Amino acid sequence: MTYTTQMDAARKGIITPEIKKVAEKEYMDVNRLMQLVAEGKVAIPCNKAHKCINPEGVGKALRTKINVNLGVSRDCKDYDIEMQKVMAAVNMGAEAIMDLSSHGNTQPFRQKLTSECPAMIGTVPVYDSVIHYQRDLETLTAKDFIDVVRLHAEDGVDFVTLHCGITRKTIEQIKKHKRKMNIVSRGGSLVFAWMSMTGNENPFYEYYDEILDICEKHDVTISLGDACRPGCLADATDVCQIEELVRLGELTKRAWAHNVQVMVEGPGHVPMDQIAANMKVQETICMGAPFYVLGPLVTDIAPGFDHITSAIGGAIAAMNGASFLCYVTPAEHLALPNVDDVKQGIIASRIAAHAADIAKGIPHAREIDDKMADARRNLDWEAQFACAMDPETARKIRDSRKPEDDHSDTCSMCGKFCSVRSMNKALNGEKIDIL
């Protein structure tokens, strides 16, 4: 029996190699996973042309996944450095790479990613449209935009972010509701600008059925972009955001009718007390489609530390139903991230995802934490490093600040006052020497 997409296969009762692999990774019964894929509650972004992919599932009852945004810009255009970041990100546990390149000949880099990188590859075709045609935004036609979607699908990308939910109605809403930050989505602002200059409807909305045909042919997952995500706390959960979300729910239904897999993108900047409600509203309106969030950032005043503000919001979001966290680096709002920024962003996001998975009761999520507790009780430093999310950093810190008397069983903070050491000796009936 033939099938077009992972969703089509699941609906026909076909266990694809990708479904089987994801079920094994997630310790899930393959028939249960197949049902979740059939219902759209799990997506397995996996373009037929991306031969080296190590498939991952995104969605209900699965581990929370991490996406890393990379790509060249006019001011940082070294493809070799970007490829170093890509491989470093994969080695640090990122399940997805989004190529957001906005300068130069982007196709060779995109094709290199889909031929060499085992992670899911995503793109935002509207970014690439101006670069691909080397023409100003206003001169591009709806057909030009759709043809770039087709080009990315043919190049093997696994998911595309498309800002389909912003329409001409949004123009009036933005003018009427006077947001503090207007539209902060780069893709959303480009679509808004194109509609404003040409007077035409959003091509990704108007020609959505044609896009669905492309995505069904290549098994490309649509990540429905949130053009109206809040860019500051003051704009969180406002009319523009929610109205767009309602439209994304409608577009989700239409995609599923074509057997096209969907993820829905979400906020943005959101106060902590609104995050759980945002997740519930999305789950209801979009019928359980996987939710992909940028942060959310829980305060606006931490440039240089936004990987932390994002991790706080990401942990809360994932605990309450988000399936996919887009990393945020210390360079967010400031600059293109360097290799160290990428590492810090990934580790922060992984901490958030792992903490949420423990809270959600994901199978085997807490096993490594229990192993760490055993290693700490035994004062076994090598075992602790083996359990650490970033063993290299943990080892470097300890080695640089060992106790003066080189007590291998303690650290330089407590020395012989170490509570673990004292308890171990006391329970073994040994003398506890402090001085």
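Worth a mention:
- Lysines with Cα under 22 Å of K169, excluding same-chain neighbours fewer than 8 positions away: K143, K178, K180, K253
- Semi-axis lengths, largest first, of the ellipsoid equivalent to the range 164-266 are 25, 15, 11 Å, with √(5λ) applied to each eigenvalue of the Cα gyration tensor.
- Principal axis extents of the Cα atoms in the range 320-397, from largest to smallest and rounded to whole angstrom, are 43, 34, 12.
- The range 289-350 shape via C-alpha gyration tensor axes, a/c threshold 1.5: prolate
- The range 1-130: Rg to Rh, with Rh as the Kirkwood radius over Cα pairs: 1.02
- Fraction of antiparallel bridges per DSSP, the chain only, in percent to nearest 5: 5
- Helix-only CD estimate at 222 nm, as mean residue ellipticity for the chain, using -39500 (n - 2.57) per DSSP H run (n ≥ 4): -15000 deg cm²/dmol
- Diffusion of the range 253-302 by Stokes-Einstein, at 20 °C in a medium of 1.002 mPa s and with Rh set to the Kirkwood radius over alpha-carbon pairs, works out to 179 µm²/s.
- Judged by the ratio a/c of the largest to the smallest principal axis of the C-alpha gyration tensor, the range 380-428 counts as oblate, that ratio being 1.5 or greater while a/b is no larger than b/c.
- When you restrict to C-alpha pairs under 8 Å that are six or more residues apart and normalise by the size of the range 96-229, the relative contact order lands at 29 percent.
- Kirkwood-Stokes translational diffusion coefficient of the chain, alpha-carbon pairs, 4 °C, 1.567 mPa s, µm²/s: 57
- For I121, the amide hydrogen comes within under 5 Å of the amide hydrogens of I97, D158, F159, counting only partners 5 or more places away or on other chains and with H modelled in the peptide plane.
- Kirkwood Rh, Cα atoms: Rg over Rh of the range 212-348: 1.00
- Rounded to the nearest 20 debye, the dipole magnitude of the range 242-367 is 400 debye, with +1 charges on Lys and Arg beta carbons, -1 on Asp and Glu beta carbons, and the Cα centre as origin.
- By definition, a body whose alpha carbon gyration tensor gives a ≥ b ≥ c is oblate when a/c is 1.5 or more and a/b is not larger than b/c, and the range 158-204 fits this oblate description.
- For the listed peptides 366-374, 234-242, a ranking on the average number of other beta carbons within 10 Å per residue, highest first, reads 234-242, 366-374.
- Short-range pairs are left out: with C-alpha atoms under 8 Å and at least six residues apart, the relative contact order of the chain is 14 percent.
- Principal axis box of the range 72-216, alpha-carbon based, largest edge first, Å: 46, 36, 27
- 22 Å tail of the calculated P(r), the range 347-435, as % of Cα pairs: 39
- Listed residue pairs exceeding 19 Å between alpha carbons, taken from K21/K41; K20/K51; K65/K217; K60/K280; K85/K112: K65/K217
- Amide H to amide H, with H built 1.01 Å from N, S223 comes under 5 Å of V160, T161, L162, M263, counting only residues 5 or more places away or on other chains.
Coordinate-derived values only; no laboratory data. The shown structure was predicted, so the numbers you read here are calculated from the model rather than taken from an experiment. Neighbour counts run over all protein chains shown; Cβ positions are idealised from the backbone, glycine included.
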